[in-house]
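Student: Below you will find the structure I want to go over with you.
Each reported figure results from applying straightforward, stated rules to the coordinates on display, with no laboratory input. Fair warning: this is a prediction, and the values are worked out from it, not measured in the lab. Neighbour counts run over all protein chains shown; Cβ positions are idealised from the backbone, glycine included.
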There are 2 protein chains.
Amino acid sequence: MGDDARLQDILTHLDQGLEPALDRLSVFLAIPSISTDPAHAGDVRTAANWLATELEALGFTVQIHDTPGHPMVTARSQPGGARPLLFYGHYDVQPVDPLDLWDRPPFAPAIEETPTGRVIRARGASDDKGQLMTFVEAFRAWKAVHGTLPSDLILLFEGEEESGSPSLRPFLRAHADDLRASLAVICDTGRHADGRPAITTQLRGLVGQEVVIHAADRDLHSGSFGGMAANPIMVLAQALAALKDDKGRVTLPGFYDGVPDLDPQLAADWQALNFDAADFLGRVGLTTPIGEAGRTALEMMWNRPTAEINGIAGGYAGDGFKTVLPAEARAKVSFRLTGTQDPAQIRAAFQDHVRRFLPADCTASFHDHGASPASVMDISDPAFAQAKAALTEEWGQEAAYIGAGGSIPIAGDFKDILGMDSMLIGFARDDDRIHSPNEKYDVESFAKGARSWARILTALR
Amino acid sequence: MGDDARLQDILTHLDQGLEPALDRLSVFLAIPSISTDPAHAGDVRTAANWLATELEALGFTVQIHDTPGHPMVTARSQPGGARPLLFYGHYDVQPVDPLDLWDRPPFAPAIEETPTGRVIRARGASDDKGQLMTFVEAFRAWKAVHGTLPSDLILLFEGEEESGSPSLRPFLRAHADDLRASLAVICDTGRHADGRPAITTQLRGLVGQEVVIHAADRDLHSGSFGGMAANPIMVLAQALAALKDDKGRVTLPGFYDGVPDLDPQLAADWQALNFDAADFLGRVGLTTPIGEAGRTALEMMWNRPTAEINGIAGGYAGDGFKTVLPAEARAKVSFRLTGTQDPAQIRAAFQDHVRRFLPADCTASFHDHGASPASVMDISDPAFAQAKAALTEEWGQEAAYIGAGGSIPIAGDFKDILGMDSMLIGFARDDDRIHSPNEKYDVESFAKGARSWARILTALR
């Protein structure tokens, strides 16, 4: 039987096995593996164990590696002289708050009929449990048809992606010889906004930083002390407000060092995507790109750095009113990086910026939450063209090379530590509400995603 | 028996009855009557009922009045031709968060030995349950000695003082004939910083305002949307940061309309208080008055208006990091007023200010939390001099006329609605940690406070 016939058998097998595959995904999604919350550490390990058991049953040689944080799961298929490929996904998920905005419990997955088709709804459905299961299901179908797994596969599953991946780089260094492949395949991205399949060829980097402003040694009554004692919320507001100027540009000295102009060819490619910013924003209740003056929406998202406040808290914010001058106020800030911006330099510039706003009696403390430079892929590797053709065939529309505004630091880590490029292919939709209440993954994404991997594996094996 | 002998008997009775009086206070303090939190509505009513029962047992004619919010408790002694006096206190308390900063449960009161004497520690010990019980215990001792209560007393206890007193003004209007006296006596203030007894003759007003900035209709991933979608935390930070200029002055147009210069005589009196700002701030871990340039610390606290951010919340502020662009961000802001500043005008100016910072796609909503102008008392009423002399005798040091930075809106309401002045006498200390974790009231404040009322009642009856 030739490769084409076997591919057809694999595709048929995937189609016929869709419902049990969704059942397996539902079991995986029911595990509340929130890596950023220490209270869920046991659940994160349960998710690692579940994945390991699935892979062992498929014939992979599996290891669960303890780390100072959450476990790494690795798996290998038999060697066979094919080009070694490393597949990556992460089994941890984002927190679920605000819980009251969910229409159903976030860890009680369900298949729902919607006007645009069936979806599976749960925290992690799209990011990243549903996505990583697309290639696991493709391997399962391959084995059912071929009798063996695809050869020379290395799988790596992480449980700390949503909490800054503190253990990843040490782990890659310690296991470099076992993990090095000819190419990494990362399934944690999406299709283009219009639904066409896409390979993401550039990613913004990320610096995450928490800042706490400390003033008095206790909360004070704002009647007694207001107007005389330092207010850490005001200090914080003033420091954060000054992060951007009235053109939307970040004010940190040296921030734009290493930020490249958009390549004219890439600008032309992106123009051809006919990105409809109004439609994209309209789906979340917005109308207008608000960012740097003079940049297109896709540039703002994919090719320009930014600073965002991701969280802020201080004083009394519950029901009613409390006339308090709090002892401290805190914020979480992230910077998205492009080109060769240096995460360490930007972190230091932010800390210097905050310190300039401190009046007498106030101090600032900082907590680091991950740092990764931007990544730009080398698409001259023929695997890119082969995967692009396979995606085009599966989806019936031309696959695109696109950028992404989010960070997938592991792509940079694979390059730095293992010397290998990454091919980023995922099937998520812009409306998947990842990191938000009511996250979902289209059943079409899941089903055609698995079929896509079958085609790509056939093309690359 | 003459008044002097009877006074001595009352004072002796109070001294001998101190421990049972502290036991009664402890029972009162164990009721978690947090008026700002709807979950505690039942507890607020329990506190009202407890107080009513105590007063009835003393021979007062008591009524509990339902309101749209929490109940009012009124009580009357027998008429007797004396000058009618209205005594006011509030039986509700502030919220207790952050709970983990309390050394003991906030509603399990205990007497503690400290280096500066015995204290009773619990939420509300100082503000205002401990204070209001000073006059209740004085009435009890008076009755034990005289056989009857002091005549022509009207008592009014409120359960909404810590939540903006929404029912108070309608209640005063509806019961004006029953509540009108020759003078209101309010026990909700403190001694001067050096411990000397004090009558507070001016109070800052208050405008409380909550603002919510709304952007997208859901939380967004800051990787996908960062740099393009509006961030409500940044909009809020920019609006709040611009509330003050680099001289510490509030920037709202017209804000300083009606703010008087400090009267030279009052400036001289306050100078004589030898207020030690470094010591006052040092007790809460601060060193330096940070406020309007060119003003003394007492001016900043008592005679200058200000704007303070009392609470802020938006996005993810828990453990770890979440790269979210939140759908909304909120803050609670209060303005302290002096002179004839108009609360309504300042509220409107703040709302206009916030709206000027709104970019496309952002809206602001506002929630009002109380508004009261500043109060300045007329101390030509001889009751002031009589009370001042009684305080001086009890405490063995010259009583002072002082200002207060906090708001006691009822003083303004008594003037506006009932046409009577207020005499503000309380025994709290600056280190009582009111509105903060580990609130306490000195047993000396409680014991000598009750004795002070016995002397004042004797002087005024």
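Student: Going by alpha carbons, how many degrees (0 to 90, nearest 10) lie between the helix axis of A:443-460 and the longest principal axis of chain A?
Tutor: Here the helix axis deviates by roughly 60 degrees.
Student: Per Stokes-Einstein, at 37 °C and 0.692 mPa s, what whole-number D in µm² s⁻¹ belongs to chain B, with the Kirkwood radius over Cα pairs as the hydrodynamic radius?
Tutor: 140 µm²/s
Student: Continuing with the same structure: Using Cα positions and a limit of under 13 Å, work out the aspartates and glutamates in reach of B:K440, with same-chain residues fewer than 8 apart set aside.
Tutor: B:K440 reaches B:D103, B:E112, B:E113, B:D127, B:D128, B:D430, B:D431, B:D432.
Student: Once Lys and Arg get +1 and Asp and Glu get -1 on their Cβ, which of A:A317, A:G282, A:S224 lies farthest toward the positive end of the dipole of chain A?
Tutor: Of the options given, the answer is A:S224.
Student: For the protein assembly as shown, with the dipole built from +1 on Lys and Arg beta-carbon atoms and -1 on Asp and Glu ones, taken about the Cα centre, which of A:S372, B:L101, A:V354 lies farthest toward the positive end?
Tutor: A:V354
Student: In degrees from 0 to 90, rounded to the nearest 10, what is the angle of the helix A:409-418 Cα long axis to the longest principal axis of chain A?
Tutor: 70 degrees
Student: How many angstrom lie between the Cα centre of the range A:365-426 and the Cα centre of the range A:74-109?
Tutor: 17 Å
Student: Now for a different question. Take the range B:1-71, drop everything but the C-alpha atoms, weight them equally and run the Debye formula without solvent; then report log10 I(q)/I(0) at 0.16 Å⁻¹ to two decimals.
Tutor: -0.73
Student: Give me the compactness ratio for the range B:334-422, meaning the Cα radius of gyration over 2.2 N^0.38 Å.
Tutor: 1.60
Student: Please work out the C-alpha center-to-center distance from the range A:216-242 to the range A:282-328 and express it in whole Å.
Tutor: After rounding, the separation between the Cα centres reads 21 Å.
Student: Mind running the shape call on the range B:117-166? Use the C-alpha gyration tensor, a ≥ b ≥ c as the square roots of the eigenvalues: rounded below 1.5 for a/c, prolate if a/b tops b/c, oblate otherwise.
Tutor: Cα axes put the range B:117-166 in the oblate bin.
Student: Scan around B:A198 for amide H atoms under 5 Å from its own, H built in the peptide plane at 1.01 Å from N, and keep only partners 5 or more places away or cross-chain.
Tutor: Sorted by chain and number, the residues that satisfy this are B:H192, B:A400, B:G426.
Student: Give, as ranges by residue number, the residues of the range B:393-407 whose backbone N falls under 19 Å from the point 7 Å along Cα→Cβ of B:D3.
Tutor: Answer for the range B:393-407: B:393-395.
Student: Mind checking the mean number of beta-carbon atoms from other chains within 10 Å of the Cβ atoms in A:404-415?
Tutor: The per-residue average across the peptide is 2.
Student: Provide the per-residue ³J(HN,Hα) series for the range A:276-291, in order, calculated from phi with Karplus coefficients 6.51, -1.76, 1.60 and θ = phi - 60°, each as a whole number of Hz, with x at glycine and proline positions.
Tutor: These are the phi-based 3J(HN,Hα) values: 9, 4, 4, 5, 4, 6, x, 5, 10, x, 10, 10, 10, x, 10, x Hz.
Student: Here's something else I'd like to know. Counting only Cα, what are the radius of gyration and maximum Cα-Cα distance Dmax of the range B:182-249, in Å?
Tutor: Cα only, the range B:182-249: 22.3, 67 Å (Rg, Dmax).
Student: Something else: Pull up all non-local amide H partners of A:S33: gap of 5 or more, or a different chain, and H-to-H distance under 5 Å with H placed in the peptide plane.
Tutor: Excluding prolines and chain starts, which carry no amide H, the hits are A:V93.
Student: So, one more: Based on Cα coordinates alone, diagonalise the gyration tensor for the protein assembly as shown, multiply each eigenvalue by 5, take square roots, and list the semi-axes in whole Å, largest first.
Tutor: In descending order, the three semi-axes are 67, 28, 23 Å.
Student: I've got another one for you. Quote the FRET efficiency, to the nearest 0.05, computed for A:D100 versus B:Q351 with a Förster distance R0 of 45 Å and r equal to the Cβ-Cβ distance.
Tutor: After rounding, the FRET efficiency stands at 0.95.
Student: If you don't mind, there's one more thing I want to ask. Pull up all non-local amide H partners of B:S372: gap of 5 or more, or a different chain, and H-to-H distance under 5 Å with H placed in the peptide plane.
Tutor: B:L206, B:V207
Student: Mind checking which of A:V211, A:T189, A:H175 is farthest towards the positive end of the range A:161-257's charge dipole, using Cβ charges of +1 (Lys, Arg) and -1 (Asp, Glu) about the Cα centre?
Tutor: The Cα lying farthest towards the positive end belongs to A:T189.
Student: What is the Cα coordinate range of the range A:14-156 on the first, second and third principal axes, sorted by size from largest, in whole angstrom?
Tutor: 52, 42, 21 Å, listed from the longest principal axis down.
Student: So which of A:K129/A:K448; A:K448/B:K322; A:K322/B:K244; A:K247/B:K332 end up more than 24 Å apart by C-alpha?
Tutor: A:K448/B:K322; A:K247/B:K332
Student: At a Förster radius of 45 Å, what calculated FRET efficiency corresponds to the Cβ-Cβ distance of A:D246 and B:D178, to the nearest 0.05?
Tutor: Calculated transfer efficiency: 0.15.
Student: Ok, one more. Determine the gain in length on full extension of the stretch A:R118-A:Q386; use 0.36 nm per residue of separation and subtract their C-alpha separation, reporting nm with one decimal.
Tutor: Value of the extension gain: 93.5 nm.
Student: Just subtract the alpha-carbon distance of B:A41 and B:D279 from 0.36 nm times their residue separation and send over the number in nm, one decimal.
Tutor: 81.8 nm
Student: Step through the residues of the range B:179-195 one at a time and calculate ³J(HN,Hα) from phi using the Karplus curve (6.51 cos²θ - 1.76 cosθ + 1.60, θ = phi - 60°), rounding each to whole Hz and writing x for Gly and Pro.
Tutor: For the range B:179-195, the Karplus-derived couplings read 9, 5, 10, 7, 6, 9, 10, 10, 10, 8, 10, x, 6, 6, 3, 7, x Hz, x marking Gly and Pro.
Student: Here is a further query. How crowded by other chains is B:323-335, given as the mean number of beta carbons from other chains within 10 Å of each beta carbon?
Tutor: Across the residues of B:323-335, the mean count of other-chain Cβ atoms within 10 Å is 6.
Student: Mind checking the mean number of beta-carbon atoms from other chains within 10 Å of the Cβ atoms in A:299-307?
Tutor: The shielding value for this peptide is 4.
Student: Further, regarding this structure: With an 8 Å Cα cut-off and a minimum separation of 6 or more residues, compute the relative contact order for chain B in percent.
Tutor: Rounded, it is 25 percent for chain B.
Student: Test of understanding: what is the full-extension gain from A:D217 to A:L58, defined as 0.36 nm times their sequence separation minus their Cα-Cα distance?
Tutor: 51.4 nm
Student: May I ask for the angle, rounded to the nearest 10°, between helix A:41-58 and the longest principal axis of chain A, with both axes built from Cα atoms and the value confined to 0 to 90°?
Tutor: Relative to chain A, helix A:41-58 is tipped by roughly 10 degrees.
Student: Would you calculate, for chain A, the mean residue ellipticity at 222 nm contributed by helices, counting each DSSP H stretch of 4 or more residues as -39,500 (n - 2.57) and dividing by all residues, to the nearest 500?
Tutor: -10500 deg cm²/dmol
Student: Sort the range A:381-461 into rounded, prolate or oblate with this rule: let a ≥ b ≥ c be the square roots of the eigenvalues of the Cα gyration tensor; rounded if a/c is under 1.5, and if a/c is not under 1.5, prolate when a/b is larger than b/c, oblate otherwise.
Tutor: Taking the square roots of the gyration eigenvalues as a ≥ b ≥ c, the range A:381-461 is oblate.
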